[in-house]
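K.L.:
This is the structure I have questions about; it appears just below.
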Amino acid sequence: MTTRTRHTERREEALSRERIAEAAVELLDVAGEGGLTFRALSAQLRTGPGAIYWHVANKDELLAAATDAVLTDALTADTAALAGDAPGTPENAVRAVALGVFDAIDAHPWLGAQLARVASMSTTLRLFECIGRQVQALGVPENAQFDSASALLNYILGVAGQNAANARTQPPGTSRADVLSAESAVWANLDPEDYPFIRNVAAQLRDHDDRAQFLAGVDLILAGIASLR
């Protein structure tokens, strides 16, 4: 065996699916899905495309691996961190997972679109399973469990994804406070006959916290689910 062959084998042995996923996440964070190519990934990992294809068959599998790597912490969230006065409750478990997903999508905006694209992908199924188990633990009747878990899943992915998408549309150098202040001013000056409600909540738009509002929505859904018991 030549020295070159031995070096190649050692390099490929050091390459793992986990390492590839980490590098893919880094590329996605910088360049988005369009910038994630096997050529760019090969350059970042300093290896050939063939070594990467040994671990992931195509781009869809690569995106799935990156998604799974980012959401692992959210799907195994420690509910003790949000235990408050009721440690270990199913409600707190849902809140912990929901906030974990929200923070993950906020940090990696490409993640929201990826999770929404294929409902049957393994990471989405794991998230649905995680939420569904807590719905069962809440004592929800069996015939209402699917709808309850689906409502939570759709809200978590939808709102978290939309929040990340909104952040990406802001012009460079524009702060969130500036954007909300400008939108609030527009709301406050709408026609009072056509938009009485929106004018009334304009100040709340300016001062609200996206993460806190997201969690308030989770709590509203949980309150509705509690009424089914």
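Derivation of every value follows stated rules applied to the coordinates shown; laboratory data play no part. Computed from a predicted structure; not experimentally measured. Cβ atoms come from the backbone with ideal geometry, glycine included; neighbour counts cover every protein chain shown.
K.L.:
HN-Hα J couplings of segment 180-194 from phi, Karplus 6.51/-1.76/1.60, θ = phi - 60°, integer Hz, Gly and Pro as x?
P.N.:
5, 5, 5, 5, 4, 5, 5, 4, 5, 9, 5, 4, x, 7, 7
K.L.:
Next question. Using the Karplus equation 6.51 cos²θ - 1.76 cosθ + 1.60 (θ = phi - 60°), what ³J(HN,Hα) coupling, rounded to whole Hz, does each residue of segment 197-206 give in order, writing x for Gly and Pro?
P.N.:
Using θ = phi - 60°, the values come out as 5, 4, 4, 5, 9, 4, 5, 5, 4, 5 Hz.
K.L.:
Okay, moving on. Sort ILE52, ILE105, ILE198 so that the residue with the fewest other Cβ atoms within 10 Å of its own Cβ comes first and the one with the most comes last. Could you put the intermediate results ahead of the total?
P.N.:
Details: ILE52 21, ILE105 27, ILE198 15.
Ordered by Cβ neighbours within 10 Å, fewest first: ILE198, ILE52, ILE105.
K.L.:
Something else now. Could you give me the ³J(HN,Hα) list for segment 50-63, computed from phi with Karplus coefficients 6.51, -1.76, 1.60 and θ = phi - 60°, whole Hz, x at Gly and Pro?
P.N.:
x, 5, 6, 4, 5, 9, 10, 6, 7, 5, 4, 5, 5, 5
K.L.:
Same structure again: Between ASP60 and GLU26, 0.36 nm times their residue separation minus their Cα-Cα distance comes to what?
P.N.:
Numbers: separation 34, 0.36 × 34 = 12.24 nm, distance 1.65 nm.
Additional length available on full extension: 10.6 nm.
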